[in-house]
Amino acid sequence: MQHKTTSEAIDYYQRALSIQENVYPNSHIETSYTLSFIGNILYEQKKYDEAIEVYRKALAIQEKHYELAHVDIAKNLNFIGVVLYSQEKYNEAVDFYQRSLTIREKFHSFDDAGIATVLNNIGNGLYWQRKYDKAIDFHQRALILRENFDAANHVGIVDSLINIANVLRDQEKYNEAIEFQQRALMIREEHYPSDHVKIAYSLGNIAIILSKQTKYDEALEFHQQALKIYEKCFPSNPADIANGLINIADVLSTQGKYEEAIKFQQRALTIREENYSSCHEKIADSLKRIGDIRIDQIQYNLALDCYERALTILEKCYPSGHVNIAENLRNIGILLNMQEKYDEALDFCQRAMAIYQQCCPSNHGSIASCLNCIGNIFCSQEKYDEALDFYYQAVTFYKKYVSNHPDTATCLNNIAEVFKRQTKYNEALDFQQQALEILKSNSPSDRFEIAGSLKSIGYILLQQRKYDESLDYYQQALIIFEEYYPNDHIEIADCLSWIAANFDRNFQFDLAIAYLERWLLIVEASSFPTDVSFTNVLPWLSQIHRTRSQYELCLLYEQNCFLMRLKVLPPDHEDIGDSLSNIGEIYEKLHKPTLALDYYQQALAIYRKCLSPWHGKLWKTKSNIERLSE
């Protein structure tokens, strides 16, 4: 019905335009208004290129008839910016917004509401470019104007508060972000009944930040409050109920509670199936989300089934092609790559590429992402030259068309990874450093990614035996993880292990032991009994003490490792045999041959079960037993 209404409206305006062009010679100003109305409808229909063309015609007429200070010119500049923003052309959008703002501030300073709107638009454009400090400045200026000169416009004030909160959230300033979301919630509570959907939206916004803080139980509580409101609004709000269920599922999935998450996603799917036609894109979205969880569960066939069902629906929705189809094809390609079905994976990604180029040739970010995926497929097959070719194409797209895109660093990381696999460490280091510079420049608040990049550089330098330089990068990464992600024990422990590796290889054994013991403390404090992290650090400590002929300490760590392996591994696992053999060797060093012989015999019994008869470990253990039995 909506489509029919807009089609009728655009037909009416085009007839009006035709009459105006016949009646008024030389592009009369009245035609510019009609063109703007047509542009508005085309924008609503998501016909963005056509909308921009019409808006530009209107702008040209207005610039011909009016002085540059006219408010209608400012409005049209803003309209063009809005369309460019919808096309994700954020740089161009901000440029048009800025031109609109200049006119408004210079010649229409009394129009506080209009200025605030444009300030808000600029802030949004900068936000999506990850220029957070600049974005927050514009949003705060908009908020000040609205609070001081348009206080009755509580909707606009709330909008500004939420925009500021979103920027702070992405800067990982979570406490400040929550404060702004809570201010928005308080205003909504003053103006709406307690069960209004807008209050539910605010509760959901707060929940998202709590989830970012890994406060998952609190996040769930807020999402559940929001869901209760959505359900109270039922049946008028089935879309919001489905979204509320999806939000809860997302938190549960992050917690690793996959089966619970799937139950909520299934409920959302059921609601969508009851309220939309069988080939609606929302149903495809739910199937895709369930597929994502199945991937986390490493249930690839179930995930593939969901993705294929979603693809079938989308192809019915958009028979002539659509970006959503391309994204689904790409997801299937990524999944098939995980399953090592490389030819099929490549076919799906190439189909996705063709649709991107057909349906949204100006969406260079998506095209670059697809090129990157194809590169990953070739990399998985160890076809490194082909992989590099596609990675280079992706980087070129990002740098040329989508400046400051966060995935540029990802592509550079991928190129570095290929060179690492080829042991071309100088080339790998160059691309890894480029990735780090982009992250620091474009995403200074994305400290997790920056720390990861620092670790990658540290690894390359370690392979080049540049231990002091490697150590510096790993220590920088460790500082970031300890300061900003103190609960991420895995990353902190990983940094400690690589710092220890640097000291170990540089024969600085005391320092290596100190960092390994810090690693061990983290493992003891955070691991579940089944965690095999113990079996990584304990043998290492044992080996260093053995190198220093400190056999009593060496034995202590090796015995602890043996006990942990008994808890987490099958009784005839090779690693248990290794522990027994190592303990035997230590007892030999301690001049206790009887104990050594006993452990060698236990090790041999396990090796006979899990190794081939000609395996080196088995023959070495036999030799040790024969020697001690003489």
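The values are calculated or read from the model by the stated rules, or taken from the named source; none is laboratory data. Remember, it's a predicted structure, so these values are computed and weren't measured experimentally. Don't worry about glycine lacking a Cβ; one is built from the backbone with ideal geometry, like all the others, and counts go over all protein chains shown.
Structure notes:
Okay, residues lined up against (1) touching a residue at least 60 places away in the same chain (Cβ under 8 Å); (2) assigned to a loop (DSSP other than H, G, I, E, B); (3) closer than 25 Å to K46 by Cβ:
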| position | (1), (2), (3) |
| --- | --- |
| L252 | no, no, no |
| G256 | no, yes, no |
| Q265 | no, no, no |
| A268 | no, no, yes |
| I283 | no, no, yes |
| I293 | no, no, no |
| L346 | no, no, no |
| R351 | no, no, yes |
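- Residues of region 62-115 that turn out to be modelled with pLDDT of 90 or more, basic (K, R) and within 22 Å of G365 (Cβ to Cβ), as a count: 0
- Among (1) over 24 Å from the mean Cα position of the chain (by Cα); (2) under 25 Å from R294 (Cα atoms), the one test that Q225 misses: (2)
- Which numbered condition K106 fails, given (1) crowded, with 17+ Cβ neighbours inside 10 Å; (2) touching a residue at least 24 places away in the same chain (Cβ under 8 Å): (1)
- Scope region 450-478; condition buried (at least 19 other Cβ atoms within 10 Å of the Cβ) and charged (D, E, K, R); matching residues: K455
- Selection of region 166-211 for residues being basic (K, R) and touching a Ser or Thr at 6+ places or on another chain (Cβ under 9 Å) yields K173, R188.
- Scanning region 113-128 for residues that are over 14 Å from K89 (Cα atoms) and surrounded by fewer than 18 Cβ atoms within 10 Å (Cβ to Cβ) yields one hit, A113.
- Identity of the residue in region 213-247, within 25 Å of N163 (Cβ to Cβ) and in contact with a Phe, Trp or Tyr (Cβ under 6 Å, 6 or more places away or on another chain), that ends up surrounded by the most Cβ atoms within 10 Å (Cβ to Cβ): G244
- Out of L302, L287, sole residue that is in contact with a Leu (Cβ under 8 Å, 6 or more places away or on another chain) and either assigned to a helix (DSSP H, G or I) or β-branched (V, I, T) (or both): L287
- Qualifying residue in region 289-302 (condition: surrounded by 15 or more Cβ atoms within 10 Å (Cβ to Cβ) and either closer than 19 Å to Y201 by Cβ or touching a strand residue (DSSP E or B) at 6+ places or on another chain (Cβ under 8 Å) (or both)): no
- With respect to the conditions (1) closer than 22 Å to C370 by Cα; (2) free of Cβ contacts under 8 Å to residues at least 24 places away in the same chain; (3) surrounded by 23 or more Cβ atoms within 10 Å (Cβ to Cβ), Y392 falls short on a single one, namely (3).
- Under the condition of being small (G, A, S) and surrounded by fewer than 16 Cβ atoms within 10 Å (Cβ to Cβ), the residues counted in region 595-621 number 3.
- Number of residues in region 559-573 that are surrounded by fewer than 16 Cβ atoms within 10 Å (Cβ to Cβ) and touching a Cys at 6+ places or on another chain (Cβ under 8 Å): the value is 1.
- Of the residues making up region 163-211, those that are buried (at least 20 other Cβ atoms within 10 Å of the Cβ), within 22 Å of the chain's Cα centre (by Cα) and either of a type in the set (S, T, Y) or more than 18 Å from A226 (Cα to Cα) (or both) are N163, I164, A165, N166, V167, L168, R169, Q171, A177, S211.
- When residues of region 517-557 are limited to those that are surrounded by 15 or more Cβ atoms within 10 Å (Cβ to Cβ) and β-branched (V, I, T), the one modelled with the highest pLDDT: I544
- The helices (runs of 4 or more DSSP H) found entirely in region 130-218 that carry 3 or more residues being closer than 20 Å to N120 by Cβ and in contact with a Gly (Cβ under 6 Å, 6 or more places away or on another chain) are 132-149.
- Tabulated pairs, region 406-427, first on the phi > 0 side of the Ramachandran plot, second surrounded by fewer than 24 Cβ atoms within 10 Å (Cβ to Cβ), C-beta under 7 angstrom, 6+ apart or interchain: none
- Picking from residues in region 1-56 that are part of a loop (DSSP other than H, G, I, E, B) and at pLDDT below 60, the one that is farthest from G81 (Cα to Cα) is M1.
- One residue stands out in region 50-74 among those that are surrounded by fewer than 19 Cβ atoms within 10 Å (Cβ to Cβ) and in contact with a Lys or Arg (Cβ under 9 Å, 6 or more places away or on another chain): the one that is nearest to N121 (Cα to Cα), namely V71.
- Among residues of region 453-494, those that are over 22 Å from the mean Cα position of the chain (by Cα), at pLDDT 95 or above and not acidic (D, E), counted: 17
- In region 270-281, the qualifying residues are those that are in a loop (DSSP other than H, G, I, E, B) and touching a residue at least 24 places away in the same chain (Cβ under 8 Å), and the one that is surrounded by the most Cβ atoms within 10 Å (Cβ to Cβ) is H280.
- The single residue among E386, E382 that is surrounded by fewer than 17 Cβ atoms within 10 Å (Cβ to Cβ) and on the phi > 0 side of the Ramachandran plot turns out to be E382.
- Region 343-364: number of residues that are surrounded by 20 or more Cβ atoms within 10 Å (Cβ to Cβ), within 24 Å of S86 (Cβ to Cβ) and of a type in the set (G, A, S): 1
- Within region 479-516, considering residues that are hydroxyl-bearing (S, T, Y) and in contact (Cβ under 8 Å) with a residue 40 or more places away in the chain, the one surrounded by the fewest Cβ atoms within 10 Å (Cβ to Cβ): Y484
- Flag if N506 is more than 26 Å from the chain's Cα centre (by Cα), at pLDDT 95 or above and within 22 Å of C554 (Cα to Cα): no
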